[in-house]
Amino acid sequence: MLGVTVLTSLKDECVSIFGKEPADAVVQFAFLLKDAGADGIICSPEEVTALRQHPRLDHMLLVVAGVRPLWASNDDQKRVMTPSEAICAGADYLVTGRPIRKPPAEIGTPVEAAKRIADEVAGLLKQNIVHIACHYRGGIK
């Protein structure tokens, strides 16, 4: 079971809605989700690093929405990162919908958009697999 923390389309509004900045609200909601038995958290890539700093959340999956390649529009998303940035921050899974579903004309079809994103991720992992594995969650296990 996964739980949503703070929608990636919220930034400045977060304080008026939840009384906290997004990072603080996300961490608070993550602990509530953990206590409720959730297996993971759906969050913005901007909060991944903050979540990874809490040992109690170590085994929670981080499903990261708001992932936008450099060539894609942010649309209504306000707290975004590229696929490579999100992975380097510690995301377990990436959610990239609109850049694939409706890619810019210069990218081509949804299949071509998905391939570009997959190539970006594969290139990062090929170059940095040891570095990421050692940095991410305290090393290779």
Selection from the stretch 7-57 of residues in contact (Cβ under 8 Å) with a residue 60 or more places away in the chain and of a type in the set (A, V, I, L, M, F, W, C) yields 10
Can you spot a residue in the stretch 82-99 that is without any contact (Cβ under 8 Å) to a residue 40 or more places away in the chain, more than 21 Å from residue 47 (Cβ to Cβ) and assigned to a helix (DSSP H, G or I)? no
Being over 30 Å from residue 53 (Cβ atoms) and not aliphatic (A, V, I, L, M) is the filter here, so list the residues in the stretch 99-117 that pass it. 101, 102, 103, 104, 106, 108, 109, 110, 112, 115, 116
Any chance you could count how many residues in the stretch 75-100 are surrounded by fewer than 18 Cβ atoms within 10 Å (Cβ to Cβ) and farther than 23 Å from residue 59 by Cα? 4
From the set of residues in the stretch 66-85 that are hydrophobic (A, V, I, L, M, F, W, C) and at pLDDT below 90, which is farthest from the chain's Cα centre (by Cα)? 71
Within the stretch 1-17, can you find the residues that are more than 23 Å from residue 83 (Cα to Cα) and crowded, with 17+ Cβ neighbours inside 10 Å? 14
Give the number of residues within the stretch 64-85 that are of a type in the set (Lys, Arg) and either under 20 Å from residue 21 (Cβ atoms) or in contact with a strand residue (DSSP E or B) (Cβ under 6 Å, 6 or more places away or on another chain) (or both). 2
Taking the stretch 103-125 and keeping residues of a type outside the set (A, V, I, L, M, F, W, C) and at pLDDT below 90 leaves 120, 123
Which of the residues that make up the stretch 22-68 are among the aromatic types (Phe, Trp, Tyr) and surrounded by fewer than 18 Cβ atoms within 10 Å (Cβ to Cβ)? 31
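The values are calculated or read from the model by the stated rules, or taken from the named source; none is laboratory data. Only a predicted model underlies this, so the values are computations on that prediction, with no experimental measurement involved. FYI the Cβ positions are ideal-geometry reconstructions off the backbone, even for glycines, and counts take in every protein chain you see.
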